[in-house]
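Accompanying notes for the structure given below.
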Amino acid sequence: MLQLLYLPVLTSLLLFYFRLAVQFKIIDKPNQRSSHSRITIRGGGIIFPIAILLQALFSGFQYPLFTSGLLLISVVSFYDDLRPLSNKIRLFVHLLSGCLLFMQAGLMAYPVWVIIPVYILVIGTINAYNFMDGINGITGAYSLITILSLYFINETQFVFVFSEWLIIVAISLLVFNFFNFRKKAKCFAGDVGSVSMAFIVIFFLLLLILKSQDLKYIGLLLFYGLDTVSTIIFRLIRKENIFEAHRSHFYQYLANIKGWPHLMVATLYMVVQLMVNILILYSDWNAVTFLVFIMVSGFIFIGLRFAVEGRSNLMGRELVDGQISK
């Protein structure tokens, strides 16, 4: 019953933020890289770290290091929403927050050769989540499917986290989606929303993987991963700077070039990931089988991109007699 009270509380808090955002002009104006055409409130995803903070207060700070890391990375991300921030400062805060997350999850007890690759994967996932937040509904819908899948695992297979934490995140996503999962969104998540949600999802996934000792649960973020990794590969082939802002993701092609409605694209990503999650939840794969599944999924996705986007768009150059020509 206490969890149900979070719904009106979080809704009221987000509405209050809207008023502040309008007063202080925390808004997003369309530019040549935007997938929208109207001025919209930025930073609506601030409701995610607020929800976690409320849960921490009412739970007696069950995960103090995780909560501290989340608040730290959220504050810096929100500042980045307001004005440009040095990449060095952003990276330092991400590394520090990741360290707190690892300490909370117990990963620091593992050998350094395990910690370092996971560190790189975590930082990459946070940035990928941020890059994928480019159209209405996609972050909220995709994250809700992930959180609900984690809740299902926690309730039916084995416990890896206090369920109340997953419930409060799901409620915050429902509130956010009410204002964002629209043809004309009231607000965008902003860096504070996409980065904080990535941090939250990573923490729960890390707890699940460490508890189960099963890497297959990485697949709960498979569709985002396929889009991000394939986009990086194609940008490298085109000799583009992968750290510069762009509109090269598959979801951006569908929304901006093909003209698909944002909510249709967001729903597509949500439904495909849900199907993958169901397959993962009811599979009994070993490490080799899961690796094969990832590789097959990657080949299918890249083939799909070639079929939909075309070779010239993805490669940027033509092959002549086996040689690459500009």
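Out of every Cα-Cα pair that region 176-244 contains, those further apart than 21 angstrom amount to 50 percent.
Lysine pairs in the chain whose alpha-carbon atoms fall under 21 angstrom of each other, counting only those eight or more residues apart or on distinct chains, come to 8.
Taking only the Cα atoms of region 140-213, the radius of gyration and Dmax are 13.1, 43 Å.
Set the Cα radius of gyration of region 31-186 against 2.2 N^0.38 Å, with N its number of residues, and you get 1.11.
Net charge dipole, the chain: roughly 1100 debye, given to the nearest 20, about the Cα centre with Cβ charges of +1 for Lys and Arg and -1 for Asp and Glu. Summed over qualifying helices (DSSP H, 4 residues or more, each -39500 (n - 2.57)) and divided by its residue number, the chain shows a 222 nm mean residue ellipticity of -22500 deg cm²/dmol. Shown for the chain are the DSSP H helices of 30 Å or more along their axis, judged by Cα atoms, with a mean Kyte-Doolittle hydropathy of at least -0.5: 2-23, 190-212, 287-309. For region 123-223, applying the loop criterion from DSSP together with a ceiling of 12 other beta carbons within 10 Å to the chymotrypsin sites (Phe, Trp or Tyr not before Pro) yields 158. When each of 94, 246 is scored by the number of other beta-carbon atoms lying within 10 Å, the sequence from fewest to most is 246, 94.
Multiplying each eigenvalue of the alpha-carbon gyration tensor of region 175-326 by 5 and taking the square root yields semi-axes of 28, 23, 15 Å, largest first, rounded to whole angstroms. Entry note, region 214-284: relative contact order of 45 percent, from Cα contacts under 8 Å with a spacing of 6+ residues. In this structure, the amide hydrogen of residue 28, modeled 1.01 Å from its nitrogen in the peptide plane, lies closer than 5 angstrom to those of 40, 41, 42, counting only residues at least 5 positions away or on a different chain. An ellipsoid equivalent to region 2-325, defined through the eigenvalues of its Cα gyration tensor, has semi-axes of 30, 26, 19 Å when rounded to whole angstrom and sorted largest first. Note: relative contact order over the chain, using C-alpha pairs below 8 Å and six or more positions apart, is 22 percent.
Coordinate-derived values only; no laboratory data. What you see is a predicted model; the values in this text were computed from it and never measured. Here Cβ is always computed from backbone atoms with ideal geometry, including for glycine, and neighbour counts include all displayed protein chains.
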